[in-house]
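Scroll down for the structure; my scribbles are underneath it.
We did not get these values from a lab; they are worked out from the coordinates using the rules stated. This is a predicted model, so every value here is computed, not measured. Here the Cβ positions follow ideal geometry from the backbone for every residue, glycine too, while neighbour counts run over all protein chains shown.
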Amino acid sequence: MKENLVIVESPIKAYTIQMFLGKNYHVVSSYGHLIDLPKKEIGIDIKKNFKPNYVILSKKKK
């Protein structure tokens, strides 16, 4: 039974990492980035120790 999920960017990385982690892990690919910094803002909150403000990419919301 696979108990842990690992999401990586590329299918080749998913395959390679799956070989190292073994049967208790399910490694899948997102086929690219899921989140990014906003394009029209600075992307960080200076008052909160430079915490990044991420947005989910519209193609990946599903």
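Pairing residues of segment 3-19 that are assigned to a helix (DSSP H, G or I) with residues that are of a type in the set (S, T, N, Q), at Cβ distances under 6 Å and at least 6 apart in sequence or on separate chains, gives P11/S29; A14/S29.
Those residues that are of a type in the set (V, I, T) and touching an Asp or Glu at 6+ places or on another chain (Cβ under 8 Å), I need them from segment 6-62; list them, please. The one that is of a type in the set (V, I, T) and touching an Asp or Glu at 6+ places or on another chain (Cβ under 8 Å): V55.
Among the residues making up segment 22-44, a single one is loosely packed, with under 14 Cβ neighbours inside 10 Å and either among the aromatic types (F, W, Y) or part of a helix (DSSP H, G or I) (or both): Y31.
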